[in-house]
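The values are calculated or read from the model by the stated rules, or taken from the named source; none is laboratory data. Computed from a prediction, not measured in an experiment: that's the story for all the values here. Here the Cβ positions follow ideal geometry from the backbone for every residue, glycine too, while neighbour counts run over all protein chains shown. These area figures cover heavy atoms from the full protein model, side chains too; ligands, DNA and RNA do not enter into them. Shrake-Rupley method; radii C 1.70, N 1.55, O 1.52, S 1.80 Å.
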Amino acid sequence: MYRILSFLILFALTGCNPPEVYSWNESDWDEWAAEIFAPPDDKKVLLIFIDGLIPAAIEISATPNIDALLLDSAWSMTGRAESTTISGAGWSSFLTGVHWDKHQVPDNDFANPNFTDYPHIFTQLKADFPDSIVGGCQTWQPIESGMVLPAEPDFNAFHNYYDYSDDYWDEASADTLCAQEVVNFAGESNIHMLVMMFSELDGVGHQSGFGAEYSTYQAMLQKTDTEIGQIVDTIKARPNYSDEDWLVILSTDHSGEPELHHGANIPEHRLIPFIMNGPSVMGGEIWPPPQTVDIVATALAHLGAYPVAGTDGVSVGFESTSPPTAKLGENLIFNGDAEYERGYLGYESAPDASLPGWHDPGFFTVVQYNSPGGYPGDGDPGPNERGLNFFAGGWATTDTYATWDIEVSNLAGAIDGGARWTLSGWLGGYLDQEDRATVTAIFLDDSGDILNSNTIGPVTASDRSYLTGLLERTSTGSVPAGTRQIQVRVDAVRETGYNDGYADNLSLIITAE
Ligand SMILES: [Ca+2]
Ligand SMILES: [Ca+2]
Ligand SMILES: [Ca+2]
Ligand SMILES: [Zn+2]
């Protein structure tokens with residue numbers, strides 16, 4: 001929106017008439033207007049959402065159409081969903097590009113959503129390109145009435161999931177009806193964005209077993225896959241398909257497992273497939289694993305548009321990315337300053353961060369400095385260059401941790417010839433509470449056996465003089481010969497209430513001796 005406005009203002013300031021050397025006519029105006037008010041003619045997006053899609057199920061089930069999308073795709077099977085791993089939150093994040101503390105849908109109640117500041121992707125696209133042609137099909141009333149209808153889609157259909165949920169296997173199916181609608185929209189001559197929301201895989205999971213190993217779950221994924229094939233085949237049969245640049249993104253709101261199904265902040269519920277297919281994507285695994293909120297920014301980027309102010313997502317999958325390579329003299333810890341993604345307020349009603357690139361099994365999280373409620377702020381002890389965020393144990397009634405793993409086999413020569421490690425970080429806690437953090441570097445050989453480990457911290461309440469804040473701790477030693485991998489583990493130990501084991505500016509550096 002701002003881009004168009006500034007263009008118009010510039011146009012106005014430089015005079016409403018085109019340069020005199022050039023004679024402006026009606027068809028030029030049409031061409032100019034079409035360029036500004038709609039995405040480029042060849043750019044197209046199809047978003048496919050499958051509620052409750054478990055990554056392992058794609059491998060186990062017969063899904064030739066999803067497999068075809070995976071071929072040459074930019075992909076992740078450890079994409080990161082919302083911490084609530086519940087459909088209302090996940091659908092809303094998929095469609096708005098922000099976490100649930102912004103769209104305000106933490107559950108399935110839709111009690112007080114903020115779809116005004118963070119609207120549906122159609123609305124975001126039309127803010128940049130008002131003449132965008134968009135369409136899709138929905139099966140969930142609060143999404144339909146709260147987000148989709150206000151976006152005034154050009155093609156829209158709604159089939160209420162609950163009208164068909166008694167029997168997912170009879171002829172009447174919300175997903176099948178929706179897929180047929182989207183097949184019809186996919187043939188429309190001028191369309192920029194299509195959205196298909198599948199919902200019945202989740203229903204079958206709840207009914208007959210939530211897991212890749214269940215034949216009913218597999219069968220519904222196969223049915224879904226067939227319907228995806230019908231949509232994709234219709235797109236490929238478009239008369240101008242060879243001149244079009246389609247981006248297909250397939251993902252979900254949460255994964256699941258047999259015991260709890262979904263809804264917990266655990267990797268089995270939270271790590272999801274994220275698949276991007278099309279000529280403009282860079283094939284390979286996306287690193288670090290993308291988040292649900294990246295879908296909006298990515299889809300809009302393909303069309304030349306931008307998400308709303310305050311978006312939490314970034315565009316992914318168009319450039320090659322890979323994990324960092326270990327280098328002598330450089331910090332080996334990715335995102336050791338907790339600044340790679342935005343932090344949250346330290347409240348109970350805030351999402352939990354899924355640390356990008358780290359193994360983050362639960363509530364260990366990233367909190368904003370100066371969060372209300374007594375969290376560390378600008379005036380409290382801590383690093384001079386502290387950025388906006390720090391790590392915290394999070395809203396858990398237990399100890400929490402996260403780990404960062406890095407290969408150092410490329411440094412074998414230096415390590416086996418004698419190298420030193422220096423581990424440092426700022427660690428702390430809250431007032432007189434004994435919640436505390438430690439950082440451990442674990443040195444492993446090429447078969448994963450531990451050669452040695454060293455820990456910095458904890459910083460106790462008395463170390464902090466019972467003041468909220470973080471103090472620096474550093475340790476150094478010799479890297480064991482034969483070290484080929486290093487695991488950095490941050491532990492937040494909880495004693496009282498919120499887990500206030502804090503950490504920031506973590507660093508592990510190896511130097512040749
Ligand atoms: Ca920081
Ligand atoms: Ca976490
Ligand atoms: Ca505490
Ligand atoms: Zn469910």
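Kindly establish whether ASN410 is without any contact (Cβ under 8 Å) to a residue 24 or more places away in the chain, open to solvent by 20 Å² or more (accessible area, probe 1.4 Å) and away from ligand 4 (no atom under 16 Å from the Cβ). So ASN410 fails the test. From the residues in segment 135-188 that are of a type in the set (Ser, Thr, Tyr), part of a loop (DSSP other than H, G, I, E, B) and more than 28 Å from the chain's Cα centre (by Cα), which one is surrounded by the most Cβ atoms within 10 Å (Cβ to Cβ)? Selected residue: SER173. Residues that are buried (at least 20 other Cβ atoms within 10 Å of the Cβ) and in a loop (DSSP other than H, G, I, E, B) within segment 55-75 comprise SER61, THR63, SER73, listed in sequence order. Has segment 257-277 got any residue that is farther than 27 Å from PRO119 by Cα, modelled with pLDDT of 95 or more and assigned to a helix (DSSP H, G or I)? For segment 257-277, residues farther than 27 Å from PRO119 by Cα, modelled with pLDDT of 95 or more and assigned to a helix (DSSP H, G or I): present.
For segment 360-380, what are the residues that are within 16 Å of ligand 3 (Cβ to nearest atom), polar (S, T, N, Q) and within 20 Å of GLN291 (Cα to Cα)? The one that is within 16 Å of ligand 3 (Cβ to nearest atom), polar (S, T, N, Q) and within 20 Å of GLN291 (Cα to Cα): THR365. Of all residues in segment 205-225, those satisfying the criterion of being open to solvent by 80 Å² or more (accessible area, probe 1.4 Å) and more than 16 Å from ligand 4 (Cβ to nearest atom) are GLU213, SER215.
With respect to being open to solvent by less than 30 Å² (accessible area, probe 1.4 Å), under 15 Å from the mean Cα position of the chain (by Cα) and within 16 Å of ligand 1 (Cβ to nearest atom), ALA353 fits the description.
Filtered by the rule that a residue be open to solvent by 20 Å² or more (accessible area, probe 1.4 Å) and more than 15 Å from ILE333 (Cβ to Cβ), segment 419-436 gives ARG420, TYR430, LEU431, ASP432, GLN433, GLU434, ARG436. Return a yes/no flag: does segment 226-245 have any residue that is open to solvent by 20 Å² or more (accessible area, probe 1.4 Å), more than 16 Å from ligand 3 (Cβ to nearest atom), in a helix (DSSP H, G or I) and under 25 Å from SER165 (Cα atoms). The answer is yes, given that some residue of segment 226-245 is open to solvent by 20 Å² or more (accessible area, probe 1.4 Å), more than 16 Å from ligand 3 (Cβ to nearest atom), in a helix (DSSP H, G or I) and under 25 Å from SER165 (Cα atoms).
For segment 495-507, which positions are under 19 Å from GLY387 (Cα atoms) and of a type outside the set (Phe, Trp, Tyr)? ASP500, GLY501, ALA503, ASP504, ASN505, LEU506, SER507, listed by residue number. For the residues THR460, THR474, the requirement of being within 16 Å of ligand 3 (Cβ to nearest atom) and at pLDDT 95 or above singles out THR460.
Show the residue pairs that are 6+ apart or on different chains and have beta-carbon atoms under 6 Å apart, the first residue being within segment 80-96 and free of Cβ contacts under 8 Å to residues at least 24 places away in the same chain and under 15 Å from ASP312 (Cβ atoms), the second being open to solvent by less than 10 Å² (accessible area, probe 1.4 Å) and not in a loop (DSSP other than H, G, I, E, B). As it stands, the answer is none, since no pair meets every condition given. Would you pick out the residues in segment 431-487 that are touching a residue at least 40 places away in the same chain (Cβ under 8 Å), of a type in the set (A, V, I, L, M) and either touching a helix residue (DSSP H, G or I) at 6+ places or on another chain (Cβ under 6 Å) or more than 23 Å from ALA419 (Cβ to Cβ) (or both)? Matches in segment 431-487: LEU431, ALA437, LEU467, LEU470, LEU471, VAL479, ALA481. Exactly one residue among SER465, SER424 is out of contact with any strand residue (DSSP E or B) (no Cβ under 8 Å at 6 or more places or on another chain) and of a type outside the set (Asp, Glu), and that residue is SER465. Checking the stated criteria, ALA127 turns out not to satisfy the condition of being open to solvent by 30 Å² or more (accessible area, probe 1.4 Å), among the small types (Gly, Ala, Ser) and over 26 Å from the mean Cα position of the chain (by Cα).
Only residues that are away from ligand 3 (no atom under 16 Å from the Cβ), of a type in the set (Asp, Glu) and either modelled with pLDDT under 95 or surrounded by fewer than 19 Cβ atoms within 10 Å (Cβ to Cβ) (or both) were counted in segment 328-350, giving 2. Checked against the criterion of being within 16 Å of ligand 2 (Cβ to nearest atom), within 21 Å of ASP337 (Cα to Cα) and hydroxyl-bearing (Ser, Thr, Tyr), segment 362-369 has at least one qualifying residue. Of everything in segment 381-406 that is open to solvent by 50 Å² or more (accessible area, probe 1.4 Å) and more than 27 Å from THR292 (Cβ to Cβ), the residue that is nearest to ligand 2 (Cβ to nearest atom) is ASP399.
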